[in-house]
Amino acid sequence: MLPAAAGYDRAITVFSPDGRLYQVEYAIETVRRGTIAVGIRSKDGVVLAVEEKPRKLQSNDVTQKIFQVDDHIGIAAAGYIPDARSQVDNARFFSQSNRLIYDEPVEVETVAKHLADQCQQFTQYAGVRPFGVALIISGVDQHGSTLYLTDPSGTYIPYEAVAIGSGSDQVTDFLEKNYKPDMSIEDASALATASIYLASDEKQGVKHIKMSHVKKDTKKLTKIQEKEIEKYASVALQKYKIDKPDA
Amino acid sequence: MAYFEYMPGATAVGLTFNGGVVIASERRIAYGNFLVSKSTKKTFSITDYVGAACAGLVADMQILTLQMIALAKIRKLNIKREIPPNSLAKMMSSLMYERRYFPLLTQVIVGGVVGKPEIYTLDPLGSVLPDDYAAVGTGAEMALGVMDNDFKEGMEEKEAVNLALKAIRSAIMRDTASGDGVDVMVIDKKGSREFTEKS
């Protein structure tokens, strides 16, 4: 017997005898090793938060892992970020096409499904590799605030709150314990900040946290300034006591 | 062009009222002096909450509405909610503009209620014009004259139906291409109802 994959991880389009697509699983592993990204629904909008670790001399004012897709839709990514850019470009074009065809803003689910379809294609064609990135697609549309997760296999699932990237298992447990459906967007932002602290080595400061909101009343994606994140951080540290090893 | 032998006249109107829309059309099809049909329906239900009324080539309006009904069903399955009238009008406009150089020879009024009552007029090339009331076809001038005079914002359903009937009947009186009764479709947030009146 050859080592584990026995050559079945060479071509993405070939199932192993026990029914697995190794390349797709490896892509999902890439996501698992990425830095954390969190998305939370609240009663007055959605929150996206990510951890970014810039080098000391890196200009830190441009967010690398949260992307605007349309006025009302944002994407947070974990995994191999350049792949996310390609998917986001695609989503932007798709959103505007949808607007031209139907004369209304595209729905979050429609974008999520489109991107997931794209991922699925890249598990079935020879000569391509799967995307090494998972996306949290969120926004406010005709159905209210909405959150979807896509992964390299082409799965897309709606969530109330979700975390991807390294430490996401722990954060998911934390979210399952602390998430409440009737949270305000401020509470959700504090919870998101706490989630980042939980997964990160940095247990204080907000230089490594980026955040965006899409509020229900404005239906616009807005970047949250450092000052405001600091407020959420102080609430988070007080409320959730995440500096202890197993909160 | 031989086409125009098969270009029957028609009158179709649409207007909004407090909580809904009325769409109406007369029932005559005539090829020149020959009256082909006295019972042709030129109002179409596209979804439960959006309807259309057409004037022009009968084949073209039927193909257009059948395609729209099919597209609307798929769209509704995809978005899991009712399709608003502006969106349906835009989809119809795309179908028509696609054929810019070989157009579907029909004018359409799209009207419906998803949220608020809305009326749109489309020409054969696919322009989309929003209106409170509109008329298309060979009798449009007469019908518009009546509605320009009598249309008020926020009418009751009964008033609106009567105005639609009056507009079409006025057109029928002076337009030989229009006649033989009036099909009326009323759409509000409860759905659509249809009935036929004498001219």
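The values are calculated or read from the model by the stated rules, or taken from the named source; none is laboratory data. Owing to the predicted nature of the structure, the values given are computational and were not obtained by experimental measurement. Cβ atoms come from the backbone with ideal geometry, glycine included; neighbour counts cover every protein chain shown. Quick note on the areas: whole protein, heavy atoms, side chains included, nothing else; ligands and nucleic acids left out. Shrake-Rupley method; radii C 1.70, N 1.55, O 1.52, S 1.80 Å.
A few points about this structure:
- When the P(r) is computed for the stretch A:22-239, the part past 22 Å accounts for 45% of the Cα-Cα pairs.
- Rounded to 0.05, the FRET efficiency of the residue A:216 and residue A:61 pair, given R0 = 41 Å and the Cβ-Cβ distance, is 0.90.
- Scaling against 2.2 N^0.38 Å puts the C-alpha radius of gyration of the stretch A:168-247 at 1.07.
- Helix axis angle, A:168-178 relative to chain A longest principal axis, alpha carbon, degrees: 40 degrees
- Rg ratio (alpha-carbon, reference 2.2 N^0.38 Å) - the protein assembly as shown: 1.28
- Between the residues A:189, A:146, A:60, the greatest Cα displacement towards the positive end of the dipole of chain A, with unit charges on the Cβ of Lys, Arg, Asp and Glu, is found for A:60.
- Accessible area buried between chains A and B, both sides summed, probe 1.4 Å, in Å² to nearest 100: 900 Å²
- Amide H partners (placed H, <5 Å) of residue B:119, local residues excluded: B:131
- Cα gyration tensor, the stretch A:101-166 - rounded (a/c under 1.5), prolate or oblate: oblate
- Under 15 Å from residue B:198, Cα to Cα: aspartates and glutamates that are on another chain or at least 8 residues apart: B:26, B:180, B:183
- Separation of the residue A:104 and residue A:71 label points, Cα + 7 Å toward Cβ, nm: 1.5 nm
- Our analysis of the stretch B:81-141 gives Rg over Rh at 0.99, with the two radii drawn from alpha carbon positions and Rh computed by the Kirkwood formula.
- Applied to the stretch B:10-25, the Karplus parametrisation 6.51 cos²θ - 1.76 cosθ + 1.60 on θ = phi - 60° returns per-residue 3J(HN,Hα) values of 5, 9, 9, 10, x, 8, 8, 9, 4, x, x, 10, 10, 10, 9, 8 Hz, with x for Gly and Pro.
- Residue-averaged 222 nm ellipticity for chain B, from DSSP H runs of 4+ at -39500 (n - 2.57), nearest 500: -11000 deg cm²/dmol
- All Cα-Cα separations within the stretch B:9-77 were binned at 10 Å from zero, giving a P(r) of 19, 44, 28, 8, 1, each value a whole percent of the pairs.
- Working note: Debye formula, equal point scatterers on the alpha-carbon atoms of the stretch B:58-160, no solvent; log10 I(q)/I(0) at q = 0.10, 0.11 Å⁻¹ is -0.32, -0.38.
- Shape call, the stretch B:113-188: gyration tensor on alpha carbons, a/c limit 1.5: oblate
- Expressed as a whole percent, the accessible surface of the stretch B:95-142 that belongs to carbon and sulfur atoms is 58, based on a 1.4 Å probe.
- Sorted largest first, extent of the stretch B:3-197 alpha carbons per principal axis (Å): 48, 40, 24
- Coupling constants for the stretch B:139-152 follow from the phi torsions by the Karplus curve (6.51 cos²θ - 1.76 cosθ + 1.60, θ = phi - 60°), and in residue order they are x, 4, 4, 5, 5, 5, x, 5, 6, 4, 6, 9, 5, 10 Hz; glycine and proline get x.
- Per-pair calculated FRET efficiency, R0 = 22 Å: residue A:129 and residue A:89 via Cβ, rounded to 0.05: 0.80
- Per-residue Karplus couplings for the stretch B:171-176, computed as 6.51 cos²θ - 1.76 cosθ + 1.60 with θ equal to phi - 60°, are listed in order as 5, 4, 5, 10, 10, 5 Hz, Gly and Pro entered as x.
- Over chain A: helical MRE at 222 nm, DSSP H runs n ≥ 4 each giving -39500 (n - 2.57), nearest 500: -11500 deg cm²/dmol
- For the stretch B:69-83, a drop of 10 Å² or more in accessible area on going from the chain alone to the assembled protein chains (1.4 Å probe) is found at B:75, B:78, B:79, B:80, B:81.
- Per residue, in Å², the accessible surface of the stretch B:3-197 once ligands and nucleic acids are set aside, probe 1.4 Å: 46 Å²
- With a Förster radius of 51 Å applied to the beta-carbon distance between residue B:99 and residue A:177, the computed FRET efficiency rounds to 0.30.
- With each label modelled as a point 7 angstrom along the Cα→C-beta vector, the residue B:132-residue A:226 pair spans 5.5 nm.
- With a simple spin-label model that places each label point 7 Å from the Cα along the Cα-to-Cβ direction, the separation between residue B:116 and residue B:35 comes to 4.3 nm.
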